[in-house]
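Worksheet: one structure, shown below.
The values are calculated or read from the model by the stated rules, or taken from the named source; none is laboratory data. Not measured: the values here are computed from a predicted model. Note that each Cβ is placed from the backbone with ideal geometry, even for glycine, and that neighbours are counted across all protein chains shown.
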Amino acid sequence: MTTMTCYFKNSRMKELFEDIGIEITKENQAKIDEVIHDMLSVDYPNCAAAWKMVRKKLKMDGPGFKERLRITLTNTLST
């Protein structure tokens, strides 16, 4: 599986992960990418659409989206 990394390099995305306490590593990047696509109901690996939805969710409900993302990623990465 190829990991789409276009938004992982974006400074706003890096800031988002820092805000929610998630460290991106080579080992977990693919899983995080899959989770984000799944949460946003975006076909994998449509990076541009996923990034667009992340921005939309942050604008509409930043704190709520960040919390949902934090919980989902924390649960996913701990299993």
When (1) outside any loop (DSSP other than H, G, I, E, B); (2) over 11 Å from the mean Cα position of the chain (by Cα) are applied to D43, the one that fails is (1)
Which residues, counting only those in the range 37-50, are farther than 12 Å from T72 by Cα, hydrophobic (A, V, I, L, M, F, W, C) and in contact (Cβ under 8 Å) with a residue 24 or more places away in the chain?
C47, A48, A50
Flag for T76 being among the hydroxyl-bearing types (S, T, Y), out of contact with any strand residue (DSSP E or B) (no Cβ under 7 Å at 6 or more places or on another chain) and exposed (fewer than 13 other Cβ atoms within 10 Å of the Cβ):
no
If you go through the range 6-36, how many residues are surrounded by 15 or more Cβ atoms within 10 Å (Cβ to Cβ), over 15 Å from L77 (Cα atoms) and modelled with pLDDT under 95?
3
Six or more apart or on different chains, Cβ atoms under 6 Å: show the pairs whose first residue is in the range 51-79 and within 13 Å of D38 (Cα to Cα) and in a helix (DSSP H, G or I) and whose second is at pLDDT below 95 and among the hydroxyl-bearing types (S, T, Y).
W51/Y7
